[in-house]
1. Please verify whether Ile97 is at pLDDT 95 or above, touching a helix residue (DSSP H, G or I) at 6+ places or on another chain (Cβ under 9 Å), of a type in the set (A, V, I, L, M, F, W, C) and crowded, with 17+ Cβ neighbours inside 10 Å, treating the condition exactly as stated.
2. Pick out the one residue from Arg130, Arg118 that is crowded, with 20+ Cβ neighbours inside 10 Å and in contact with a helix residue (DSSP H, G or I) (Cβ under 6 Å, 6 or more places away or on another chain).
3. Out of (1) closer than 28 Å to Pro49 by Cβ; (2) of a type outside the set (A, V, I, L, M); (3) part of a helix (DSSP H, G or I), the odd one out for Lys143 is which?
4. What's the number of the condition Asp108 fails, among (1) in the same structural domain as Thr152 (by TED's automatic domain parsing); (2) under 23 Å from Ala155 (Cβ atoms); (3) of a type outside the set (Val, Ile, Thr)?
5. Name the pairs whose Cβ atoms lie under 8 Å apart, with the first residue in the range 138-163 and at positive phi, the second part of a helix (DSSP H, G or I), and 6 or more positions between them or separate chains?
Amino acid sequence: MRLGWWNKVAHLAAAIALLSACADNPQVAAKPKTHKHVSPAAIPAPILPAGSFDLAKEKSELERARAALTSGDVAQAHVLAEAAIDHWPGDGDGWDILLAASQAQNDDQTRRYATFFRSKIDYVNPLPPRVAVLGFQNIAEEKPGVTEGGYTFDAKTIAMARRMQAFYNTLDPINAQRDAPTDESFTDKYPYLLPGVAVIIGGAVAAVVSSSKSGN
């Protein structure tokens with residue numbers, strides 16, 4: 001039986017929290033731990049063209065989608081909701097409108113799709129963006145036709161998981177720090193903590209990945 005998406009992300013959240021705790025307490029150097037698991041090579045999140053995520057466009061499309069839904073033009077509401085989601089996929093309002101439109105159209109496939117991603121963003125939005133990136137990577141790596149938790153992944157679901165991965169990657173403060181080289185980095189400020197933190201986090205993430213792939 002595969003390890004559920006929720007459990008994978010919960011374990012990854014714990015790993016990120018551990019890293020944050022180390023950063024907040026620089027006086028205490030973590031003791032290295034050994035693990036039987038080997039950390040896999042890091043898989044970078046997709047990098048989409050500039051302008052792929054536009055909050056202003058999303059808000060405009062959401063307003064028009066709500067108006068269309070209220071007036072009974074569910075087909076237009078559906079189109080506008082999908083456009084809004086494309087521009088800012090982490091906003092639950094777009095998924096809610098898509099869900100309402102699909103229900104009005106008796107479109108069960110889209111209803112399940114919207115419900116699936118609405119529940120995922122509800123779970124990851126309060127967590128660090130890096131957790132969301134790793135969680136959606138788990139979905140993006142699936143093959144069409146795989147069923148988990150009663151939901152069958154298709155090409156559209158996997159494509160959206162990749163877009164979600166790219167979206168949350170843009171919100172990751174680690175990337176923001178990397179793109180601002182004039183600021184003092186964590187590694188510059190606390191170089192003596194790196195060996196211990198790397199061993200702990202590497203082992204924690206490796207354990208999650210190994211468990212999810214082994215089916216435990």
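1. Answer is yes for this residue.
2. Arg130
3. (3)
4. (1)
5. The qualifying pairs are Gly149/Trp5.
The values are calculated or read from the model by the stated rules, or taken from the named source; none is laboratory data. Please read these numbers as outputs of a predicted model, since none were measured by experiment. Glycine also receives a Cβ, built like all others from the backbone with ideal geometry; neighbour counts cover every protein chain displayed.
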